[in-house]
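One structure is given here, and the rest of the page talks about it.
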Amino acid sequence: MIDTIINFGKYKGSKVSEVPLDYVAWLATGGGDLFSVPDNITEAARKRLASTTQDAFRRYCGAKSKTTSYVVDISYHGNRIFAEHDTFEDALTDVAENYCEPDVRKDRILIWEILGSGHKKVVWRFTGYNVNDDEYIVPQCALPGHLDSLLNELI
């Protein structure tokens, strides 16, 4: 059932098992108010999410663990990417090395601290122009415990 072919949209002709997980997550909702995803595709998407082996995405969705982890949640140049790290420093290094030119109008980079219980909070963010600062408690591009962005601290 996971190999159901998508018959509409950007991934028309692709198997549910081959498309990005953020798109699968949308398919699993049934499309929301604006679009009605066919039931067989919604079911296949839900099965793929349930069987995914991508630990970062599972942790982001609240899967429990014995340790705290840091998940980088990136909407970057039209793609959604998740990467799990053992430390905040490793997560920040991943962002610095791989996502150095975000589009301030479209891209969003979040680092989530996810406790073993599955509870999570954003501990670092780059959200560009397109987000209300009240949406996240942490200031944009600020290190945990700091009240100002890295840029302002360096000036």
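The values are calculated or read from the model by the stated rules, or taken from the named source; none is laboratory data. This is a predicted model, so every value here is computed, not measured. Here the Cβ positions follow ideal geometry from the backbone for every residue, glycine too, while neighbour counts run over all protein chains shown.
Data for the structure
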quantity	calculated
Positions within the stretch 3-18 being surrounded by fewer than 17 Cβ atoms within 10 Å (Cβ to Cβ) and of a type outside the set (Ser, Thr, Tyr), in sequence order	Asp3, Ile5, Asn7, Phe8, Gly9, Lys10, Lys12, Gly13, Lys15, Glu18
Subset of the stretch 111-121 that is in a strand (DSSP E or B) and at pLDDT below 90 - its residue that is nearest to His146 (Cα to Cα)	Lys121
In the stretch 81-110, residue modelled with the lowest pLDDT [restricted to those that are within 18 Å of Tyr129 (Cα to Cα) and within 10 Å of the chain's Cα centre (by Cα)]	Arg108
Pair list, Cβ under 7 Å, 6 or more apart: the stretch 100-116 residue in contact (Cβ under 8 Å) with a residue 12 or more places away in the chain and among the charged types (D, E, K, R), other residue surrounded by 18 or more Cβ atoms within 10 Å (Cβ to Cβ) and in a loop (DSSP other than H, G, I, E, B)	Arg108/Thr127
Lone qualifier among Asp3, Asp55 - being at pLDDT 75 or above and acidic (Asp, Glu)	Asp3
Residue list for the stretch 76-86, restricted to those being of a type in the set (Asp, Glu) and surrounded by 14 or more Cβ atoms within 10 Å (Cβ to Cβ)	Glu84
Criterion: exposed (fewer than 14 other Cβ atoms within 10 Å of the Cβ) and within 23 Å of Asp148 (Cβ to Cβ) - qualifying residue of Glu89, Glu97	Glu89
Residues that are acidic (Asp, Glu) and either in contact (Cβ under 8 Å) with a residue 24 or more places away in the chain or surrounded by 14 or more Cβ atoms within 10 Å (Cβ to Cβ) (or both), drawn from the stretch 19-44	Asp22, Glu43
